[in-house]
1. Could you tell me the center-to-center distance, by alpha carbons, between segment 134-151 and segment 72-123 in angstrom?
2. How much FRET efficiency would the formula 1/(1 + (r/R0)^6) give for ARG192 and SER247, where r is the Cβ-Cβ distance and R0 is 35 Å, rounded to 0.05?
3. Provide the percentage of antiparallel DSSP beta bridges, counting only those with both residues in segment 2-271; round to the nearest 5.
4. On C-alpha positions alone, give me the angle between the axis of helix 216-225 and the longest principal axis of the chain, in degrees, nearest 10.
5. Using the Karplus curve 6.51 cos²θ - 1.76 cosθ + 1.60 with θ = phi - 60°, work out ³J(HN,Hα) for each residue of segment 66-73 in order, rounded to whole Hz, and write x for Gly and Pro.
6. Read through the labelled values (i) 41, 33, 20; (ii) 35, 26, 19; (iii) 36, 21, 18 and report the label of the one computed as semi-axes √(5λ) of the Cα gyration tensor in Å from the structure.
7. Using the Cα centre of the chain as origin and beta-carbon charges of +1 (Lys, Arg) and -1 (Asp, Glu), tell me which of ALA4, PRO136, CYS82 is placed farthest towards the positive end of the dipole.
8. Calculate, for GLU71 and ALA224, the FRET efficiency according to 1/(1 + (r/R0)^6) with r their C-beta to C-beta distance and R0 30 Å; round to the nearest 0.05.
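What follows is calculated from the coordinates using simple rules that are stated; it is not laboratory data. Please read these numbers as outputs of a predicted model, since none were measured by experiment. Every residue, glycine as well, gets a Cβ built from its backbone with ideal geometry; the counts of neighbours run over all protein chains shown.
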Amino acid sequence: MLHAVIMAGGSGTRFWPQSRRDRPKQLLRLAGPRAMIQATCDRLAGWIEPNRTWLVTGAAHADETRLQLPELPRDRLLIEPCGRNTAPCIGLAAIRLLAEDADAVMLVMPADHVIEPPAEFRSAVESAVDVVAREPEALVLFGVPPTYPATGFGYIERGEALAGGEERTFRVESFREKPDYTTAANYQSSGRFLWNCGIFVWRAERILAALEMYEPEMHAQLDALRPAIGTESWTEALAREFPQMNSISIDYAVLERAEGVLVREATFQWDDVGSWRALMRLLGTDDDGNTIDAIHDGLDTRGCIVRSTDAGHLVATLGVQDLIVVHTPDATLVAHKSDEDGLRRLVAEIERQGHERFL
């Protein structure tokens with residue numbers, strides 16, 4: 001049976017001031033009428049039932065997640081006592097769903113990406129599931145053909161096509177770290193490289209076996225949790241074992257070291273919505289190159305992103321270019337849109353100044 005595992009971590013930094021520590025990106029409405037975590041679950045409707053949908057999140061976000069996803073069975077929400085990156089997150093989900101389905105296949109995906117159209121995504125996933133059915137040891141990643149020389153993504157170099165004629169599925173030749181612009185441009189023009197979008201399909205038993213091989217201590221800690229599944233001691237056991245696990249991504253822990261790693265070229269449209277600038281791609285721009293999601297009046301305003309969470313608040317701009325302006329009831333951001341990394345520095349400065357109530 002195919003199970004969906006949705007990873008819903010997040011620190012609430014990249015979309016400040018709308019995102020906060022207790023309300024990170026996945027809980028926000030950024031690119032559509034529904035919050036991103038709701039849109040992710042909507043993508044599964046009529047395909048993967050709620051009782052086969054597992055969502056892993058932190059304790060600080062559990063209550064809001066339940067409010068936004070009332071259809072998700074309560075025991076399908078796995079609450080991490082602390083953030084430990086994607087390898088422990090995926091391992092935790094694997095032991096939990098294997099307790100109910102020994103033959104489980106996992107579709108693992110982040111809660112905060114935009115994917116369209118849903119039917120094309122489903123078709124691609126089902127293709128990957130077919131591969132795993134034929135090759136039980138396969139670890140299938142999804143790679144997105146680059147549309148521009150992105151320096152913020154990791155890349156997958158594809159090798160030979162999978163034997164048997166499986167369309168768009170390849171052996172992984174190598175993984176490449178986030179490149180500089182020139183290298184990214186070469187990757188794009190070569191036609192051999194794909195963005196690593198962090199979506200995976202594999203047998204739950206297979207990923208646990210891989211963790212046992214490459215992260216034996218983590219596997220032992222996960223194994224120690226198994227007797228507590230479904231018992232009153234689960235929360236206590238999780239609080240004891242989980243914080244001790246190595247904080248490492250599944251890419252570093254397993255995928256860059258394992259045999260049988262495949263990449264399925266994505267035929268769906270994908271965006272990780274990594275910064276405020278993503279709204280220009282997702283929402284479009286007006287004749288002056290502005291992306292407006294607010295009541296806005298502007299003169300001589302070009303190339304700006306203007307957003308307000310207050311339906312009754314007017315944002316007015318005059319003689320400005322290439323700015324991000326985000327208004328919330330208690331904080332307003334004005335920044336140059338070219339400095340995406342600067343927002344992390346700004347949030348750190350806000351904390352240093354003792355204004356943590358705004359974070």
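1. Spelled out, the Cα-based centre of one part sits 18 Å from the other.
2. Values: r = 32 Å, r/R0 = 0.90.
Efficiency at R0 = 35 Å is approximately 0.65.
3. Working: 23 of 43 bridges.
The answer is about 55 percent antiparallel.
4. Approximately 90 degrees, to the nearest 10.
5. 4, 5, 6, 10, x, 6, 6, x
6. Only one option fits the structure, namely (ii).
7. CYS82
8. The formula returns an efficiency of 0.40 here.
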